[in-house]
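J.: Below are the structure tokens for one structure; questions will follow.
The values are calculated or read from the model by the stated rules, or taken from the named source; none is laboratory data. On a predicted model such as this, the values are computed, not experimentally measured, just so you know. Cβ placement follows ideal geometry from the backbone for every residue including glycine, while neighbour counts extend to all protein chains displayed. Note: areas computed on protein heavy atoms with side chains; ligands, DNA, RNA excluded. Shrake-Rupley method; radii C 1.70, N 1.55, O 1.52, S 1.80 Å.
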Amino acid sequence: MTIRENVKLILSELPDGVELVAAAKTRQPEEILEAVDAGVKIIGENYVQEAERAYQAIGNKARWHFIGHLQKNKVKKAVGLFDMVETVDSVEIAREIDKRCTQIGKIMPILIEINSGREDQKSGVFPEKAGELIEEVSTYQNIRIMGLMTMGPFGGNPEDSRPYFVETKKLFEKIRKLNLPSVEMRYLSMGMTNSYKIAIEEGTNMVRIGTKLFGERDYTSSQATPQ
Ligand SMILES: *Cc1c(COP(=O)(O)O)cnc(C)c1O
């Protein structure tokens, strides 16, 4: 199947209200462009440098979401390029985003990344710490908190992700009901190629899919590393 056919198929499968983020790490700009021409509206990038290259070919034909681990020294470039940062997990990175956005007069929509698997080496804030982080970041003038994102544990049976999706959805609803000023719990980003069907069953409204759109990744020509 071509990228075009894969995109059409997934778009036809997704229930109304579930947004597709095409996870584009390691892909060539032409491949991403094919996905956009087939109907992809949001591109997810893990690396600022790869995103810059793809942006030159695609520009504003799509919206750009940062879905990787953001380093502080990349924030300045990232805020110029991206329409949303899905992976904010600390006051430090939020503060830097706010500062850089203030300098360019932009308000950045963000998601808070939840480490739902509570794995020490993973990015994301532990679920029980999310409220505290959100309260702090919600006071920043140039950031808008728009929801939560989670990865869940990798590998194994996709069914193993379910409890983590359930927990993150519960947290999403809990925070939504708090009605915090300038926090809008609109997007819940969870589910990848192996797990997106389960994530949809558990109430996600944003899925990040790479392999099922573009095929298996070849890491040799990319700065990305296998996870
Ligand atoms: C690579 C990646 C995805 C997509 O993974 P696939 O298994 O290829 O669908 C989704 N989210 C993030 C954060 C990723 O890095």
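J.: Check which residues have an amide H placed less than 5 Å from I143's amide H, if you skip close sequence neighbours.
T.: Sorted by chain and number, the residues that satisfy this are M108.
J.: Summing -39500 (n - 2.57) over the DSSP H runs of n ≥ 4 in the chain and dividing by its residue number, what mean residue ellipticity at 222 nm do you reach, to the nearest 500 deg cm²/dmol?
T.: -11000 deg cm²/dmol
J.: Tell me, what is the percent relative contact order of the range 148-204, built from C-alpha pairs under 8 Å that lie six or more residues apart?
T.: Working: 55 pairs, mean separation 25.0, N = 57.
RCO, the range 148-204: 44 percent.
J.: Pairs K74/K129; K41/K99; K77/K177; K61/K197; K99/K129; K170/K212: which are spaced more than 30 Å apart, C-alpha to C-alpha?
T.: Table pairs above 30 Å Cα-Cα are K77/K177.
J.: While we're on this one: Give the relative contact order (percent, whole number) for the range 89-227; include only Cα pairs under 8 Å separated by 6+ residues.
T.: 20 percent
J.: Same structure, new question: Based on a Kirkwood Rh over C-alpha pairs, give the Stokes-Einstein translational diffusion coefficient of the range 79-176 at 4 °C and viscosity 1.567 mPa s in µm²/s.
T.: Calculated translational D: 93 µm²/s.
J.: Tell me, rounded to the nearest percent, the portion of alpha carbon pairs in the chain spaced more than 25 Å apart.
T.: The proportion of pairs with Cα distances above 25 Å equals 37 percent.
J.: Report the label-to-label distance for K197 and I107 in nanometres (one decimal), using points 7 Å from each Cα along the Cα→Cβ vector.
T.: 4.0 nm
J.: Kirkwood Rh and Cα-based Rg: tell me the resulting Rg over Rh for the range 125-219, rounded to two decimals.
T.: On the Cα set of the range 125-219, Rg over Rh gives 1.02.
J.: Sticking with this structure for a sec: Give me the Å³ per residue figure for the convex hull around the C-alpha atoms of the range 1-96.
T.: Per-residue hull volume (Cα only) is 100 Å³.
J.: In terms of modelled amide H atoms, which long-range or inter-chain residues lie less than 5 Å from the amide H of G117?
T.: Amide H neighbours of G117, under 5 Å, 5+ apart: G152.
J.: Can I ask one more? For the residue pair R53 and L11, what label-to-label distance in nm results when each label sits 7 Å from Cα along the Cα-to-beta-carbon direction?
T.: Spacing of the two 7 Å Cα→Cβ label points: 2.6 nm.
J.: Check W64: other-chain or 5+ apart residues with amide H under 5 Å from its amide H, H built from backbone geometry?
T.: Under 5 Å from the amide H of W64 lie the amide H atoms of I43, D83, M84, each far enough along the sequence or on another chain.
J.: Still on this structure, please answer the following. Quick one: Karplus J couplings for the range 88-99, per residue in order, coefficients 6.51, -1.76, 1.60, θ = phi - 60°, nearest Hz, x for Gly and Pro?
T.: 7, 9, 8, 4, 4, 6, 5, 5, 5, 4, 4, 4
J.: Net charge within 14 Å of A57 by Cβ-Cβ distance, Lys/Arg positive one each and Asp/Glu negative one each, not counting A57 itself?
T.: -4
J.: Find the Cα radius of gyration of the range 48-112, compare it with 2.2 N^0.38 Å by division, and give the number to two decimals.
T.: 1.04
J.: Length gain on complete extension for the stretch L178 to D160, per 0.36 nm per residue less the alpha carbon to alpha carbon distance?
T.: Length gained between L178 and D160: 3.5 nm.
J.: Where the accessible area of the range 1-86 is counted over protein heavy atoms with a 1.4 Å probe, how much of it, in %, is carbon and sulfur?
T.: Using a 1.4 Å probe with all protein chains present, the range 1-86 comes out at 47 percent carbon and sulfur.
J.: Moving on to the next point. What is the calculated FRET efficiency for T211 to D120, with r their C-beta to C-beta distance and R₀ = 25 Å, to the nearest 0.05?
T.: Details: r = 26 Å, r/R0 = 1.06.
Efficiency computed from Cβ-Cβ geometry: 0.40.
J.: On average, how much accessible surface per residue is there in the chain, in Å², for a 1.4 Å probe, leaving out ligands, DNA and RNA?
T.: Roughly 48 Å² per residue, with all protein chains present.
J.: Any idea what the relative contact order of the range 1-118 is, in percent, if you count C-alpha pairs under 8 Å spaced at least 6 apart? All intermediate terms of the calculation are to be shown ahead of the outcome.
T.: Details: 156 pairs, mean separation 22.3, N = 118.
For the range 1-118, the relative contact order is 19 percent.
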